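Coordinate-derived values only; no laboratory data. Since we're looking at a predicted model, the values are computed, not measured. Positions of Cβ are backbone-derived with ideal geometry, glycine not excepted, and every protein chain shown enters the neighbour counts.
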Amino acid sequence: MDDYELKHDHHTISMLADHMVFNPKFRRKVLIGDIADETEIIICKIIKELGCELIRISVNEDHVHLFYRYPPKYSVSYIAHRVKGASSRYLRQKFPELKELVKKGSLWSASCYHGSVGNGWEAVEKYIENQNR
């Protein structure tokens, strides 16, 4: 699919894209090795289940970049809530050492960044692509 192609649903035509960045609590550098690999796999799965289209992902040791298209029926805060909640549960179950680091609650910090992407697709893709793991 062409990045700039309009998405047609039953009653809407849209071209919605978001650049989301979020990090583990206290910006801990825990997203390394197998944890980083599993983080990418589970986030890709969640994004697909939501009916979103992942354009680019970068999992760094202390933060995650997601660039994705989403349907108008969802808000970016809803998508963030689902991605962070489900991935936190999965990762803490698979890697018990993460439970020790965060003790209580989610793996992820409560905040995240959202950047609405209009005509700057190439800049965002290039930026995320150049992030070091």
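What single numbered condition from (1) farther than 24 Å from D9 by Cα; (2) surrounded by fewer than 17 Cβ atoms within 10 Å (Cβ to Cβ) fails to hold for I128?
The number of the failed condition is (2).
If I filter the range 9-26 for residues that are within 16 Å of W108 (Cα to Cα), touching an Asp or Glu at 6+ places or on another chain (Cβ under 6 Å) and touching a residue at least 12 places away in the same chain (Cβ under 8 Å), do I get at least one hit?
Taking the range 9-26 first, the residues within 16 Å of W108 (Cα to Cα) are 20-26.
Applying the additional criterion that residues be touching an Asp or Glu at 6+ places or on another chain (Cβ under 6 Å) yields 23.
Now narrow it down to the ones that are touching a residue at least 12 places away in the same chain (Cβ under 8 Å): 23.
Looking through the range 9-26, at least one residue is within 16 Å of W108 (Cα to Cα), touching an Asp or Glu at 6+ places or on another chain (Cβ under 6 Å) and touching a residue at least 12 places away in the same chain (Cβ under 8 Å).
Looking at the range 32-58 only, could you name the residues that are in contact (Cβ under 8 Å) with a residue 24 or more places away in the chain and farther than 16 Å from A86 by Cα? So that I can check it myself, show each step before the final result.
The first filter runs over the range 32-58 and keeps only residues in contact (Cβ under 8 Å) with a residue 24 or more places away in the chain, leaving 32, 34-36, 38-39, 42-43, 46-47, 50, 52-53, 55-58.
Correct list: I32, D34, E53, I55, R56, I57, S58.
Yes/no per residue for (1) under 13 Å from N23 (Cα atoms); (2) in contact with a Lys or Arg (Cβ under 7 Å, 6 or more places away or on another chain); (3) not hydroxyl-bearing (S, T, Y):
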| position | (1), (2), (3) |
| --- | --- |
| L50 | no, yes, yes |
| D62 | yes, yes, yes |
| H65 | yes, no, yes |
| Y70 | no, no, no |
| I79 | no, no, yes |
| L91 | no, no, yes |
| V102 | yes, yes, yes |
| W108 | yes, yes, yes |
| E129 | no, yes, yes |
